[in-house]
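For reference, the structure discussed in these notes is given below.
Values quoted throughout were computed directly from the atomic coordinates according to the rules given, and no laboratory measurement underlies them. This structure is a prediction, so every number in the text was calculated from the model and none was measured. Counting neighbours? That spans all protein chains shown, and the Cβs are built from the backbone with ideal geometry, glycine included.
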Amino acid sequence: MLPTDKQSELVLHKSSNALIHYDEARRVAPDDFQNQHLYILSDDEIKEGDYCLDTINKEIIIAPLGGFKGKSIKKIIATTDTSLNHSLDIARPYPLVYSIPTSFIETFIKSYNEGKQLKELLVVYDDDIFLVTSQNEIVIKPLKDSYTREEVIEIILMYKCNLLVEVLKGKVEKQFTDKWIEKNL
C-alpha cells in the first residue's frame, strides 16, 4: 500500500492510522485522510513495459527493454490504481495490471484495522495465466494454515475426480499432482 495524491478507493485516517473505504471517509472530514493505493506484487519475470514497484524507493516504474532483475523490484499484477489498468502496447490487448476485487479490498481493510497486515495471498493461475473475472479482476483465494476434517475430505474427493477425468482422457502428466495442488490449494 502506498500513498497517492490521486483520488482512490482507500484512505488512511492521518491521526488514528485506520484504513477506510473512500465513500465512508470523504463525507466526514476530507482533510484528515491520505489517499492510498493497494498493489499486489509478484516475483514473476519482469518484461519490457510491465509496471513494477521499487520496494526501496516506493516508486512505480515501467520496465525497460530487458526487464529488471533484483530483489527490490517487484512486478505489479493488480492494483486499485485504475491508471495502471490499461495496456501501453497495442500488441497486448489485455491489461498489464488487473483490478483487485472489492471483496478482497474489504478483507484487506478489516485485517489492516485489526493490526493483521496481509502480506501473502494466493492469486489463481491456470496454465501460467491469471484467472480473471469479466471485470478484469484477478481471482484471489485466501491462504489457509489449517483445514477441518470435512475440508480435507472435500479436497481429496475433488482431486480424485480431477485425476479420474485426466486418466479417462488418457493424458495424465507427470506433474499433475503438483500442478493440481498449486491451482487448488
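List every residue whose amide H lies under 5 Å from the amide H of residue 4, counting only residues 5 or more places away in sequence or on a different chain, with H placed 1.01 Å from N in the peptide plane.
It is 35, 36, 37, by chain and number.
When you count, for each residue, the other Cβ atoms within 10 Å and take the mean per peptide, how do 50-61, 109-120 rank with the highest first? Display every interim value, and only then the final one.
Working: 50-61: 15.4, 109-120: 11.3.
Highest mean packing first, the order is 50-61, 109-120.
Over all alpha-carbon pairs of segment 144-185, lay out the pair-distance distribution in 10 Å bins, whole %, shortest bin first.
26, 52, 19, 3
In nanometres, what is the gap between the two model label sites at residue 17 and residue 183, each 7 Å from Cα along Cα-to-Cβ?
About 4.2 nm separates the two model spin labels.
So which GluC sites (Glu not before Pro) in segment 145-185 pass both tests, a DSSP loop state and at most 11 other Cβ atoms within 10 Å of the Cβ? Display every interim value, and only then the final one.
Numbers: sites: 150, 151, 154, 166, 173, 182; in loops: 173.
Sites meeting the loop and neighbour criteria: 173.
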